[in-house]
Amino acid sequence: MSKPLPEPPPMDQFSSLGGELQLAGQSITAVREKMGGTPFYAYDSTVIRARVAELRRVFPDQLSLHYAMKANPMPEVVKLLATLTDGLDVASGLELAVALTSDTNPADMSFAGPGKSTVELEAAVRAGVILNMESVGEMRRIAAIGDATGVQPRVAVRVNPAFELKTSGMKMGGGPKPFGVDEEQVPDMLRELGALGLDFRGFHIYSGSQNLRVDAIIEAQNKTLALATELAEHAPATPRWLNIGGGLGVPYFPGERALDLAPIADNLELLLQRAKQQLPEAEIVMELGRYLVAEAGVYVCEVVDVKQSRGETFAVTNGGLHHHLAASGNFGQVIRKNYPVAVANKMDEVERQPLNVVGPLCTPLDILADKYPLPPVEPGDLIAVYQSGAYGFTASPRDFLSHPQPGQILL
Ligand SMILES: *Cc1c(COP(=O)(O)O)cnc(C)c1O
């Protein structure tokens, strides 16, 4: 007997009515109409609000929640999250410009990322956001900008810890990395920092992303506080700010399940009690990207052609890899796995057949679903790719093959 295949993650964030997927109370056909056609990304604000509300309910009140904009920098999405979270984390000058149009106080913004340009550094210094310094060289450049502008830069040291976030989808700390300053080098850097006239705020320690293992997340968060406490002894001023990173993952692939937040919340409660003793002045910040937005978004494209090839059925759509690199399996995945998909105008159909959903690009990489159990389709049917609210629109090579750009809407 063959092993049963793992089930895709439950897709219960949206309802359906009369066979039509519903997004923020609107049918997929109505949304398509509003967009003037397909393909498009649609983000459901009710799902984003519910997600933040759940975190507020289970996590300790004193924990600050920030939104890491690179997950989805659409200005409407950023403006919504600015009203729901305690701060925004940006990673480029343009993200900073968008953040500065929101309701968030610049003092509650931070700017991370290696290789910040002089123009970006100066904009950040003038705006008064916290610069997460990625190297000693960057620190010296920031100090020079402070001297030249007469504005005291607000800075934190981004630390590359010696530990890793285990089983993380993307490791951003541990070992040699372009991100942050190795923890061994931080004491010397802090000594120099004290002489540079910078406003030292604290530390940023981000060890990884897309983690679905509760024990690994808890371990990394505990090590993060311990490391910050150790490094604080070398700091020129008492830390006012500690960004402990995020890393909370969302289920994308068969067999993956949503994180159980309760044990993470219990640990954060204890962590904040320790922080009160060890770093009494520090605001503790968690920065989340995909966890806030991924499940609120769908990518919708339309079947253009249906064909058979040697026993398999192919639905060729007007969307694909160029709009949604991650769903095609080409955004860091080692083995291609299917994102959850549905035929958004046939949600009640019970018949299922294995279907290959592909895009219009002349490359075999342009796959949205591989032998996925879906109802029989015909041209005009709408394919929805779930879990698409993060690292979709802006993480895709949208000019590749010069097809029309997808739309985007926050509902
Ligand atoms: C990318 C990034 C995030 C967001 O990661 P998610 O997996 O989307 O939560 C947060 N912080 C930093 C420093 C990042 O580089």
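The values are calculated or read from the model by the stated rules, or taken from the named source; none is laboratory data. Because the structure is predicted, anything quoted here is derived from the model rather than measured. Cβ: placed from backbone, ideal geometry, glycine included. Neighbour counts: every protein chain shown. Accessible surface areas use protein heavy atoms only, side chains included; no ligands, DNA or RNA. Shrake-Rupley method; radii C 1.70, N 1.55, O 1.52, S 1.80 Å.
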Residues that are outside any loop (DSSP other than H, G, I, E, B), open to solvent by less than 10 Å² (accessible area, probe 1.4 Å) and touching a Lys or Arg at 6+ places or on another chain (Cβ under 7 Å), drawn from segment 373-400: 374, 382
Residue 196 part of a helix (DSSP H, G or I), on the phi < 0 side of the Ramachandran plot and over 24 Å from the mean Cα position of the chain (by Cα): no
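Let's see how each residue does on (1) surrounded by fewer than 20 Cβ atoms within 10 Å (Cβ to Cβ); (2) within 16 Å of the ligand (Cβ to nearest atom):
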| position | (1), (2) |
| --- | --- |
| 10 | yes, no |
| 30 | yes, no |
| 34 | yes, no |
| 46 | yes, no |
| 49 | yes, no |
| 61 | yes, no |
| 70 | yes, yes |
| 74 | no, yes |
| 80 | no, no |
From 240, 290, residue being within 13 Å of the ligand (Cβ to nearest atom), of a type in the set (D, E, K, R) and either modelled with pLDDT of 95 or more or open to solvent by less than 40 Å² (accessible area, probe 1.4 Å) (or both): 290
Enumerated strands (runs of 3 or more DSSP E) restricted to segment 257-321, each holding at least 2 residues that are touching an Asp or Glu at 6+ places or on another chain (Cβ under 7 Å): 297-309, 312-317
Positions within segment 102-125 being open to solvent by less than 10 Å² (accessible area, probe 1.4 Å) and either away from the ligand (no atom under 16 Å from the Cβ) or of a type in the set (S, T, N, Q) (or both), in sequence order: 110, 121, 125
Qualifying positions in segment 54-72 - in a helix (DSSP H, G or I) and charged (D, E, K, R): 54, 56, 57, 70
Given (1) open to solvent by less than 10 Å² (accessible area, probe 1.4 Å); (2) out of contact with any helix residue (DSSP H, G or I) (no Cβ under 6 Å at 6 or more places or on another chain); (3) within 16 Å of the ligand (Cβ to nearest atom), index of the condition residue 258 fails: (1)
Subset of segment 126-140 [surrounded by fewer than 17 Cβ atoms within 10 Å (Cβ to Cβ) and charged (D, E, K, R)]: 126, 140
Cβ-Cβ under 9 Å pairs, at least 6 apart or on other chains, segment 327-345 side crowded, with 19+ Cβ neighbours inside 10 Å, far side of a type in the set (Lys, Arg) and not in a loop (DSSP other than H, G, I, E, B): 338/371; 344/32; 345/32
Residue count for segment 200-220, restricted to those that are open to solvent by less than 40 Å² (accessible area, probe 1.4 Å), away from the ligand (no atom under 14 Å from the Cβ) and outside any helix (DSSP H, G or I): 2
